[in-house]
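First the structure, in the form of structure tokens, and then the observations on it.
The values are calculated or read from the model by the stated rules, or taken from the named source; none is laboratory data. Predicted, not measured: the structure shown is a model, and the values here were computed from it. Cβ: placed from backbone, ideal geometry, glycine included. Neighbour counts: every protein chain shown.
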Amino acid sequence: MGLRGVHHVQVNVRDVAEALAFYTSLGMTVRGDRPDLGVDGAWLNVGDQQVHLLLAPSPADVGQHFALEVDDLDGIVGALRSRGVSVGEPRSLGAGLARQTSTHDPSGNRIELREPAL
């Protein structure tokens, strides 16, 4: 038995359409193969992984988050800020290490944005 990787992360959202607009603006694409689960939601592709949105109350932010690896941290931060999204200042994790910052989706879920070291 061996783990092969993370297949998907499920994120509870208060408004599926609002969440879809946010996540697709980051470059995620909607999957068309989501079965009827009896509750509204959407499945999104992000690279070889997926983010699943589910209409449900978001838990209080006590540090939980998921991280998206990006090619151009400054570019995505600028694009989000131009749309009025609050994003922290990017910071280095140390010499030769990744840079990162975080933001929140419209439902308050924290998202780390991470640019690998060059």
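Here are some notes:
- Contact annotation: no residue pair with Cβ atoms under 6 Å, 6 or more positions apart or on different chains, pairs a residue in region 88-107 that is without any contact (Cβ under 8 Å) to a residue 24 or more places away in the chain and on the phi > 0 side of the Ramachandran plot with a partner that is surrounded by fewer than 16 Cβ atoms within 10 Å (Cβ to Cβ) and part of a strand (DSSP E or B).
- Screening Pro59 on (1) at pLDDT 95 or above; (2) surrounded by 10 or more Cβ atoms within 10 Å (Cβ to Cβ) shows it passes everything except condition (1).
- Residue under evaluation Gly75, criteria (1) in contact (Cβ under 8 Å) with a residue 12 or more places away in the chain; (2) closer than 16 Å to Glu115 by Cβ, criterion not met: (1)
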